[in-house]
Amino acid sequence: MHRPDDLAQQFPPDFQWGVATSSFQIEGAAREDGKGESIWDRFCRVPGAIADASNGDVACDHYHRLDSDLDLIASLGVDAYRFSVSWPRVQPDGAGACNPKGLDFYERLVDGLLARGVKPFLTLYHWDLPQALQDRGGWAARDTAHRFVDYARGVRRRLGDRVAAIATHNEPQVVAVLGHETGDFAPGIKSRKTAIQVAHHLLLSHGLAVQALRADGCIAPLGIVINLAHVEPATDSPADVAKARFDDAAGRRWYLDPLFKGQYPPEVLDALGADAPAVQAGDMAAIATPIDYLGINYYFRMVASADGSFDKAKSGLALTEMGWEIYPRGLTALLLTLHREYRLPKVYVTENGGAFKDPVVDGRVHDADRIDYLHTHIAAVAEAMRQGVPMAGYMVWSLMDNFEWSSGYAKRFGIVHVDYATQQRTLKDSALWYREFLSRCHARRM
Ligand code: IFM
């Protein structure tokens, strides 16, 4: 059913195919070579914070298995590998001189990728803030935006000449909402007002960092990665349609309107009232500094019903192990919405994938659900591209099973299975499918 050939033909030869991970989720080596404590190191120690009471101390032990993991990445035939730099590895206290050993690790990673013909896509912040900065107010404090700029400049100085792209942030909405409103993620704060201010400081730090890196002569394309859902009304009723429009404004437009239009959606600002963020003169212009690319992380749709009666368990759509509806059409619809509403730079799907039950049977993992997921979502990207969206690449989340934040290690997103007891990596059927698919894509380059 999932013939890689037909799908491969729909992509131009220069389309970039990749896999993605993040530092805290795979590296381990939590206290080595001068690394400082991160807010996730601390949060994992809070009783009940992580479903299986696990932590990132060892994770996939990637820090100690760098060379073999690089071989693994290259063996898939990908063009690109998206990874993040751990801020506390590079600046243990979040300020001051960089820790050379921390940067050495990422230099080996970047050079190892290049030696294997894989383009490094670097993300500066994928949620592991130095705890020392949290102790000084974290992202709720405006000064953290300036600390981020210093950190970004330090990373650029060492690696900026060799990476294929630099993203400032991964999913600022998750940092703001899950980290500071619901408290489900580090640092575990529960205040909507704080979350709104955090979102502003994250966007501000992005804009200031882009300006500073450019001023420093950065040659790597600069962008940001935003998680977005496609929002639909549950019914055609005016109330549901209005709710969907508002939810879309409070989610997607809260991040993309500042980035591309230099303003927050007025109706959301009105609704926030006293919780609206403190914005200083010049902030919005800084946030709207033009970027070279936009990364979109897409996993599911959101259905809005004014009375809250929509029940995804009854929607008839299959759910992943995270309980997320599988809805590839939403990815096409979302990309078309962005294309209609903004002057988009190059767009990458920087994350897409699913957690499924993945038993190893006789050394194989027959994850047909994941193959289906990837195939249908890649087809959704092809359709958006056909309709004019400037798509430049697609990256699977994730290269390998890893620490899925407050879900611990029970949820497996990898196309490579990790046995955490032995650290053995096993290519799942989805990895074999992706490799075969990429070989068809690459054949078109000849
Ligand atoms: O594992 C996360 C990743 O860190 C950010 N995007 C969503 C993934 C799946 O939940």
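None of the figures in this text is laboratory data; all of them are computed from the coordinates on show. For clarity, every value in this text was computed on a predicted model and none was experimentally measured. Cβ coordinates were reconstructed from backbone atoms using ideal geometry, including for glycine residues, and neighbour counts include every protein chain displayed.
With the Cα gyration tensor of region 1-81 giving a ≥ b ≥ c as the square roots of its eigenvalues, does the rule (a/c under 1.5 for rounded; else a/b larger than b/c for prolate; else oblate) give rounded, prolate or oblate? Before the final figure, lay out the partial values.
Numbers: a/c = 3.21, a/b = 2.10, b/c = 1.53.
Prolate.
Viscosity 0.692 mPa s, temperature 37 °C: give me the Stokes-Einstein translational D for region 183-270 in µm²/s, with Rh taken as the Kirkwood radius over C-alpha pairs.
215 µm²/s
Kindly flag which residue pairs out of Lys261/Lys312; Lys243/Lys314; Lys243/Lys411; Lys312/Lys357 have an alpha-carbon separation exceeding 22 Å in this structure.
Numbers: Lys261/Lys312 33 Å; Lys243/Lys314 20 Å; Lys243/Lys411 31 Å; Lys312/Lys357 20 Å.
Table pairs above 22 Å Cα-Cα are Lys261/Lys312; Lys243/Lys411.
Below 28 Å, Cα to Cα, which lysines can Lys101 reach? Residues fewer than 8 away in the same chain don't count.
The reachable lysines, counting only those whose Cα sits under 28 Å from Lys101, are Lys35, Lys119.
Averaging sequence separations of C-alpha pairs under 8 Å and six or more residues apart, then dividing by the length of the chain, give the relative contact order as a whole percent.
19 percent
Starting from the amide H of Gly408, placed 1.01 Å from N in the peptide plane, find each other amide H under 5 Å away whose residue is 5 or more places distant or on another chain.
Ala51, Asp52
Percent antiparallel among DSSP beta bridges with both residues in the chain, to the nearest 5?
15 percent
Calculate the tail of P(r) for the chain: the fraction of all Cα-Cα distances greater than 38 Å, expressed in %.
16 percent
Let me check I've understood the local charge: for Leu432, count other residues with C-beta under 14 angstrom from its C-beta, Lys and Arg +1, Asp and Glu -1. What total comes out?
+2
Can you compute the modelled spin-label distance between Ala239 and Lys261, with each label point 7 Å from Cα toward Cβ, in nm?
Inter-label distance under the simple model: 2.7 nm.
Once every DSSP H run of n ≥ 4 in the chain is given -39500 (n - 2.57) and the sum is divided by its residues, what mean residue ellipticity at 222 nm do you get, rounded to the nearest 500 deg cm²/dmol?
The helix-only estimate for the chain comes to -12000 deg cm²/dmol at 222 nm.
Kindly list the residues of region 273-303 that lie in the label zone of Arg329, defined by a backbone N under 14 Å from the point 7 Å along the Cα-to-C-beta vector.
From region 273-303, the list is 301-303.
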